[in-house]
Amino acid sequence: MVSLVYHDYSGFSNSTTFGEAYQNFSQLTDLNWVEKVWASYYYYMNNDLFATGLLIFVLHEFMYFGRCLPWIIIDRIPYFRKYKIQDAKLPSEKEQWECFKSVLTSHFLVEAFPIWFFHPVCQRIGISFEVPFPSWTTIALHLSVFFVLEDAWHYWFHRGLHYGVFYKYIHKQHHRYAAPFGLTAEYAHPIEVMLLGFGTVGIPIVWCLITKNLHLFTVCSWITLRLFQAVDSHSGYEFPWSLHNFLPFWAGADHHDEHHHYFIGSYSSSFRWWDYFLDTEAGPKGKSDREKKMKIKAESKKTL
Ligand SMILES: [Zn+2]
Ligand SMILES: [Zn+2]
């Protein structure tokens with residue numbers, strides 16, 4: 001069966017290699033370079049289910065460990081020590097190796113299996129994988145919506161995971177490292193991986209069920225950005241050029257590091273607004289901000 005990535009193969013010559021598949025798509029002037037590579041991949045694989053499964057699995061491994069690599073290198077360069085948030089707590093090589101093995105095992109045991117069901121799910125609910133892709137504005141809009149919704153999901157379920165038994169039997173594993181490093185982002189109990197992972201994978205699925213408008217390329221871009229956000233927020237480094245210094249509502253490493261340091265507060269993933277408005281910011285700064293807010297409230301009552 002020919003791939004459903006494109007609707008009209010009538011002008012195509014026979015192709016058996018990826019290069020030949022790309023030759024065919026390169027003649028289509030209405031496709032950009034990324035679309036041509038994407039379509040050639042599906043056409044060459046000749047099995048859409050397998051192609052999507054492999055794409056998502058490799059993307060996840062490559063983007064996750066690829067994003068961890070600069071942080072592993074930075075941990076070994078003394079120059080960066082001054083930017084370390086908990087400066088005395090540098091991860092040892094043994095700690096990093098143990099964490100790497102555990103996360104990799106979990107990827108194969110917990111995540112590899114459900115990934116193969118992603119293509120049938122896409123087909124059923126109408127997540128398109130065809131070329132051409134949607135416009136960049138549509139992709140950007142969908143990415144923004146996913147960031148905001150995932151952050152809300154993460155805030156409430158992460159906060160819930162800090163409750164008594166849920167913490168003891170599930171979330172405690174993720175809190176093994178009081179001073180996190182990049183690789184610890186996905187170091188978690190399988191139930192937590194599924195529960196918080198729903199915010200990343202389930203929200204786009206529900207979005208498509210409602211709107212009937214979503215492309216797999218957008219989902220891949222979203223997974224990549226969300227992985228970068230998760231790894232970076234566990235990096236343990238705060239730089240003068242860190243994003244939240246320019247976008248004050250962006251959470252970043254300093255927000256999540258405090259969560260690991262104090263074991264309580266700062267529950268959200270990408271943004272600071274939930275913790276700010278619900279008074280759950282962690283650490284001494286969060287406490288003093290809360291006190292300031294209470295003082296202003298009390299004074300405004302007095303003047304009434
Ligand atoms: Zn936590
Ligand atoms: Zn964490």
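Would you be able to say whether some residue in the stretch 116-126 is under 20 Å from His256 (Cα atoms) and exposed (fewer than 14 other Cβ atoms within 10 Å of the Cβ)? Write out each step before concluding.
Kept after step one, since they are under 20 Å from His256 (Cα atoms), are these residues of the stretch 116-126: none.
No.
Taking the stretch 171-197 only, how many residues are surrounded by 15 or more Cβ atoms within 10 Å (Cβ to Cβ) and either away from ligand 2 (no atom under 13 Å from the Cβ) or more than 22 Å from Leu109 (Cα to Cα) (or both)?
Summing the residues that are surrounded by 15 or more Cβ atoms within 10 Å (Cβ to Cβ) and either away from ligand 2 (no atom under 13 Å from the Cβ) or more than 22 Å from Leu109 (Cα to Cα) (or both) in the stretch 171-197 gives 8.
Give, as residue ranges, the helices (runs of 4 or more DSSP H) completely inside the stretch 44-121 that count at least 1 residues that are more than 24 Å from His175 (Cβ to Cβ).
The helices (runs of 4 or more DSSP H) meeting that bar are 48-75, 112-115.
Got a sec? Which helices (runs of 4 or more DSSP H) wholly within the stretch 226-304 have at least 2 residues that are surrounded by fewer than 14 Cβ atoms within 10 Å (Cβ to Cβ), away from ligand 2 (no atom under 16 Å from the Cβ) and of a type in the set (D, E, K, R)?
In the stretch 226-304, the matching helices (runs of 4 or more DSSP H) lie at 283-303.
Is it the case that Glu186 is touching a residue at least 24 places away in the same chain (Cβ under 8 Å) and away from ligand 1 (no atom under 14 Å from the Cβ)?
Numbers: touching a residue at least 24 places away in the same chain (Cβ under 8 Å): yes; away from ligand 1 (no atom under 14 Å from the Cβ): no.
No: the conditions fail for Glu186.
Within the stretch 49-60, is even one residue more than 30 Å from His259 (Cβ to Cβ) and of a type in the set (Gly, Ala, Ser)?
Taking every residue of the stretch 49-60 in turn, at least one turns out to be more than 30 Å from His259 (Cβ to Cβ) and of a type in the set (Gly, Ala, Ser).
More than 30 Å from Phe181 (Cα to Cα) and surrounded by 13 or more Cβ atoms within 10 Å (Cβ to Cβ): is that true of Ser40 in this structure?
In short, yes.
Here, each number is a calculation from the coordinates, and none is a lab measurement. This one's a predicted model, so the numbers in the text were calculated from it and none came from an experiment. Cβ coordinates were reconstructed from backbone atoms using ideal geometry, including for glycine residues, and neighbour counts include every protein chain displayed.
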